[in-house]
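Nothing in this text is a laboratory measurement; each read-out follows from the coordinates by a stated rule. Since the structure is predicted, the reported quantities are computational estimates derived from the model, not experimental observations. Reconstructed Cβ throughout: ideal geometry from the backbone, glycine too, with neighbour counts over all protein chains shown.
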Amino acid sequence: MSLTDDVHRFTALSARLTGFEESDLEATGLTEVYRAVAAERLGAARFARLLFELGEPDDVMDGELREAARTVTYLWYTGSWPGPPPIVVSPRAYAEGLVWKAAGLKAPATEPGSYGSWGEAGDRPGVGDGTGESRP
């Protein structure tokens, strides 16, 4: 299989695991990086098995395949590979973690701002105005 096919399969698998569209994952710029990390950490045989066998329903997956799927999902959501201790792939991976996108937030400490800027109301209604109510 060519590297391009491998990346495409990994992106499709990742979309299925994370619930995000392939285009959203590609927009992070980390698809190839995460594919390489997963291939290295899972090992060639387990990684290939994950790419080709995950089309089956969850109740048919064995424990090894299920755990591999969980680790890839964890990678996308946190930007790190699980383990004692977790391995952060890169500062960019942290900033692009799907956990922040799912919550509608920016990763803490990834955008410029002065001390205390996280407590400013910004443009969100009802936040920081003391009432807790939405403004018109």
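Quick look at the numbers
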item: Total charge dipole magnitude, segment 9-111, about the Cα centre, Cβ charges on Lys, Arg, Asp, Glu only, Debye to nearest 20; result: 280
item: Chain lengthening between S23 and A103 when straightened (0.36 nm per residue, less Cα-Cα); result: 27.0 nm
item: Mean Cβ neighbour count within 10 Å, used as a protection proxy, ranking 30-38, 4-12 highest first; result: 30-38, 4-12
item: Two-site label geometry, A44 and V7: point separation in nm, points 7 Å out along Cα→Cβ; result: 2.1
item: Distance between modelled label sites at E53 and R16, nm, 7 Å Cα→Cβ extension; result: 1.3
item: Positive minus negative residues near R46 (Lys, Arg vs Asp, Glu; Cβ under 12 Å); result: -2
